[in-house]
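The values are calculated or read from the model by the stated rules, or taken from the named source; none is laboratory data. This structure is a prediction, so every number in the text was calculated from the model and none was measured. Heads up, the Cβs are rebuilt from the backbone with ideal geometry, glycines too, and the neighbour counts pull from every protein chain shown. Each accessible area value is taken on the protein alone, full model and side chains, heavy atoms only, with ligands, DNA and RNA left out. Shrake-Rupley method; radii C 1.70, N 1.55, O 1.52, S 1.80 Å.
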Amino acid sequence: MEVANARNPATKRKFDDAVSNGVATDVDLSLLEAIEKSQNAVEVLDLRTLKKHVLSFERRLKENIEARLKYPNQPDRFADSEVELHDELQKLKVLAGAPELYPDLVSLNVVPSIVDLLNHDNTDIAIDVVQLLQDLTDEDVLDDNDDSARVLVDALVDNSALELLVQNLHRLNDSDPDENVAVYGTLATVENLIEVKPAVAELVCEKTKLLKWLLGKIKVREFDSNKQYASEILAILLQSSTVNQKKLGQMNGVDVVLQAVAMYKSKDPKSSDEEEMLENLFDCLCCLLMPLENKERFVKAEGVELMIIIMKQKKLAYGSAIRALDFAMTKYPPACERFVDVLGLKTAFAAFMVVCFDAQIPVSKKNKKERYQEDLEERLVSLIASLFGGILRGSRRDRLLSKFVENECEKIDRLMELYIRYSDRVKAETERLNQVEFDDLEMDEDEIYNRKLESGLYTLQLIAVILSHIWCSEHPQMRGRIELLLKQNKLSKTHIKDILQEYHDNIGDLDGPEEKERAQTKIQKFIMAL
């Protein structure tokens with residue numbers, strides 16, 4: 001009734017108006033009485049109701065087990081008990097309306113019985129359980145019931161729900177409509193469990209073959225909603241777990257994800273859902289490229305070459321390819337060297353010089369054009385900084401530096417244009433933060449620094465590092481160009497040195513104390529050179 005009324009509010013208003021005015025001659029009064037009685041008969045969800053449902057379920061379960069044991073080769077003799085068991089599982093869905101009762105559900109020790117039915121010989125019963133678990137763990141249901149949610153999720157994990165969900169997943173057939181829905185429901189349940197208990201992301205990969213199933217799913221050429229959801233779940237499993245990133249890398253995951261994105265090197269997705277799947281696949285790739293060993297696999301699988309091809313095609317995956325290259329080349333010289341060797345500099349700097357991307361590149365409807373432009377600029381700045389950090393000498397270094405000389409140092413002009421823009425933005429944010437402090441709203445130094453990073457300080461720091469690399473080449477034409485542009489904008493090298501000093505002082509030790517010291521020494525050399 002609520003859905004119908006929501007879709008047709010005029011109908012509801014007409015009915016309300018008629019009753020309020022006392023004009024109800026065309027309304028069946030007996031129907032109104034029946035509706036009122038049915039509303040009064042709605043079962044109250046309390047502990048007593050819960051126990052009644054659990055008892056009824058266990059009775060039907062016992063009858064089904066006994067019938068199957070007694071007549072194992074006569075399906076018609078246990079079919080009725082299976083229908084009744086199905087009905088009981090459907091009734092248990094009502095518990096999603098009272099998540100506060102989940103601890104009682106667990107204490108009644110019915111969770112093991114429900115979970116075990118994922119192993120039932122009748123796939124339809126297993127599908128019923130998938131739907132039940134999806135409903136019970138739904139994000140909207142568990143909202144504001146964190147403690148109850150954790151109790152249920154812990155019980156499900158302890159009773160091998162992860163293993164049985166994935167085991168059942170392997171026997172489901174996408175071509176069957178009901179089983180297709182169950183595949184989606186299984187993935188949704190896994191996502192719900194991770195939402196409540198993040199540790200499930202690593203547990204499900206450790207205890208089950210879910211990663212293998214997901215890789216198999218994204219390999220399929222044809223697009224469907226379950227392939228899209230598989231890509232999303234894979235991204236969730238990888239995004240915060242180095243263990244999962246390394247595990248998938250060992251399973252040839254880098255190559256499989258590259259094959260999946262390669263399908264879009266010269267074509268665009270046909271729908272918004274397919275577009276979202278492509279974004280998920282690139283999220284997976286970028287997560288995979290965080291461990292060093294996977295960067296190596298990426299280079300060996302010719303991932304650098306594929307990303308350059310995608311950039312050249314200027315399809316929707318253009319920006320994602322730049323992002324993947326940025327991840328691959330960060331602190332990994334072999335990827336930087338391969339990039340130069342396969343003539344990636346020409347493609348990268350052509351992109352770097354583009355002032356308005358949306359005039360040349362298709363932009364996702366979900367992305368705002370201004371933000372898309374900034375994202376690409378920031379990724380390209382990071383990519384160029386990685387090139388300078390990864391290629392320190394030799395002919396490759398000369399080829400990189402020569403890019404900033406050609407066409408009367410136009411790349412330096414572009415670099416300084418970005419430097420001034422980001423400098424102004426950071427300056428405005430700093431002044432705003434100073435005003436906030438003046439208004440007695442206390443902020444510690446870390447919070448202030450993070451706010452400045454969000455406003456573009458990190459990109460400004462990377463531009464300062466690139467300018468320092470160029471300056472340290474001691475090339476008179478490039479040095480002269482930098483000084484001229486600084487002077488035109490009423491700045492000096494001191495401004496760059498100040499940016500570098502703040503960068504130096506805030507380098508963290510996430511990669512260890514030795515790496516921190518090395519990075520700080522490099523920045524200090526730049527400051528001295530300037």
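Values for this structure:
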item: Accessible area per residue, Å², the chain with all protein chains present, probe 1.4 Å; result: 52
item: Out-of-range pairs (alpha-carbon distance over 32 Å; input Lys300/Lys493; Lys452/Lys516; Lys265/Lys331); result: Lys300/Lys493
item: Pair Glu195, Lys52: separation of 7 Å Cα→Cβ label points (nm); result: 3.0
item: Percentage relative contact order, the chain, counting C-alpha pairs under 8 Å, at least six apart; result: 7
item: Euclidean distance of C-alpha centroids, region 94-114 and region 452-530, integer Å; result: 59
item: Rounded Å value of the spacing that divides the Cα centres of region 121-167 and region 256-308; result: 32
item: Candidate residues Ser107, Ser148: accessible-area rank, largest first, probe 1.4 Å; result: Ser107, Ser148
item: Rounded FRET efficiency, nearest 0.05, which uses the C-beta distance separating Asn252 from Gln477 and R0 of 41 Å; result: 0.30
item: Ranked by how many other beta carbons lie within 10 Å on average, peptides 400-410, 506-516 from highest; result: 400-410, 506-516
item: Per-residue [θ]222 nm for the chain (sum of -39500 (n - 2.57) over DSSP H runs n ≥ 4, rounded to 500); result: -23500 deg cm²/dmol
item: Percent carbon-and-sulfur accessible area, the chain, ignoring ligands, DNA and RNA, probe 1.4 Å; result: 49
item: Farthest toward positive dipole pole in the chain [+1 Lys/Arg, -1 Asp/Glu at C-beta], among Val363, Ile499, Leu433; result: Ile499
item: Listed residues Asn244, Leu50, Asn145: farthest to the positive end of the dipole of the chain (Cβ charges); result: Asn244
item: Magnitude of the charge dipole, region 213-261, Cβ model with Lys/Arg +1 and Asp/Glu -1, debye to 20; result: 140
item: Test item: Cα-centred dipole of region 302-393, Lys/Arg +1 and Asp/Glu -1 on Cβ, debye; result: 260
item: Residues of type lysines that Lys91 reaches as a straight line, Cα spacing below 28 Å, ignoring anything fewer than 8 places off in the same chain; result: Lys37, Lys51, Lys52, Lys62, Lys70, Lys197
item: Total charge dipole magnitude, the chain, about the Cα centre, Cβ charges on Lys, Arg, Asp, Glu only, Debye to nearest 20; result: 3180
item: Cα-based equivalent ellipsoid, the chain: semi-axes from gyration tensor eigenvalues, Å; result: 57, 29, 23
item: Gain in span if fully extended, Glu302 to Ala428, counting 0.36 nm per residue against the direct Cα distance; result: 41.1 nm
item: Estimated inter-spin distance, Arg77 and Arg421, nm [label 7 Å along Cα→Cβ]; result: 7.8
item: Relative contact order (%) - criterion: Cα under 8 Å, at least six apart; region: region 406-529; result: 26
item: Dipole axis of the chain (+1 Lys, Arg; -1 Asp, Glu on Cβ), positive-most option in Ala321, Leu193, Tyr372; result: Ala321
